[in-house]
1. Working only within the stretch 94-118, note down all residues that are at pLDDT below 85 and among the hydroxyl-bearing types (S, T, Y).
2. Look through the stretch 15-37, keep the residues that are open to solvent by less than 80 Å² (accessible area, probe 1.4 Å) and outside any helix (DSSP H, G or I), and return whichever of them is farthest from S2 (Cα to Cα).
3. Do you know which of the residues in the stretch 70-93 that are touching a Gly at 6+ places or on another chain (Cβ under 9 Å) and under 22 Å from E50 (Cα atoms) is modelled with the lowest pLDDT?
4. Mind checking which residues of the stretch 52-102 are among the acidic types (D, E) and either under 20 Å from F39 (Cβ atoms) or assigned to a strand (DSSP E or B) (or both)?
5. Does L8 satisfy the criteria of being more than 18 Å from the chain's Cα centre (by Cα), hydrophobic (A, V, I, L, M, F, W, C) and either at pLDDT 85 or above or assigned to a helix (DSSP H, G or I) (or both)?
6. Of the residues L40, L116, which single one is outside any loop (DSSP other than H, G, I, E, B), closer than 20 Å to K3 by Cβ and over 12 Å from the mean Cα position of the chain (by Cα)?
7. Looking at this structure, is Y63 open to solvent by less than 80 Å² (accessible area, probe 1.4 Å) and of a type in the set (S, T, Y)?
8. Of the residues Y84, Y114, Y76, which single one is of a type in the set (S, T, Y) and surrounded by 11 or more Cβ atoms within 10 Å (Cβ to Cβ)?
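The values are calculated or read from the model by the stated rules, or taken from the named source; none is laboratory data. Small disclaimer: the values here were computed from a predicted structure and weren't measured. So basically every Cβ, Gly included, is an ideal-geometry build from the backbone, and we count neighbours across all protein chains shown. Side chains included, ligands, DNA and RNA excluded: accessible areas come from the protein's heavy atoms. Shrake-Rupley method; radii C 1.70, N 1.55, O 1.52, S 1.80 Å.
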Amino acid sequence: MSKNYYNLIESLIGRTSIKQQDIQKYETYKKGKEGENKFLELLSCIENVEYIYNLQLRNNQDYQYDFIVITDKIIYQFEIKNYYGSYEFKNGNLIGQSGFIIKYPTAQLERNEYYLEL
């Protein structure tokens, strides 16, 4: 979904009826942005670090990187999630205490790392 979609949903909340599914997508997007802003605050406290925020590339597919962090010795990629509560990493999945399952959360990182190395 585009940023414009989320801006539209935000402007409609309280003014008209909105599908619960759209509200949930908006809330997830909003929490993600909060997590990214917290990460930006952390990065600003570190010296000798450069970063690229929200990099989007296209090469037969779209690739999106939340953060590429560059130091003198290494380049890191960070995919920011803003989940809360207790989670366990098991069989490639992230499983929340409530039973919520995030399937293969490292898959996007691995795929994006492959394309960074090309």
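1. Y114, Y115 - these are the residues of the stretch 94-118 that are at pLDDT below 85 and among the hydroxyl-bearing types (S, T, Y).
2. Checking each candidate, the answer is T16.
3. Looking at the filtered set, the residue picked out is K81.
4. D62, D66, E79, E88
5. Working: more than 18 Å from the chain's Cα centre (by Cα): yes; hydrophobic (A, V, I, L, M, F, W, C): yes; either at pLDDT 85 or above or assigned to a helix (DSSP H, G or I) (or both): yes.
So L8 fits the description; yes.
6. L40
7. Judged against the criteria, Y63 is a match.
8. None of the others qualify; the one that does is Y76.
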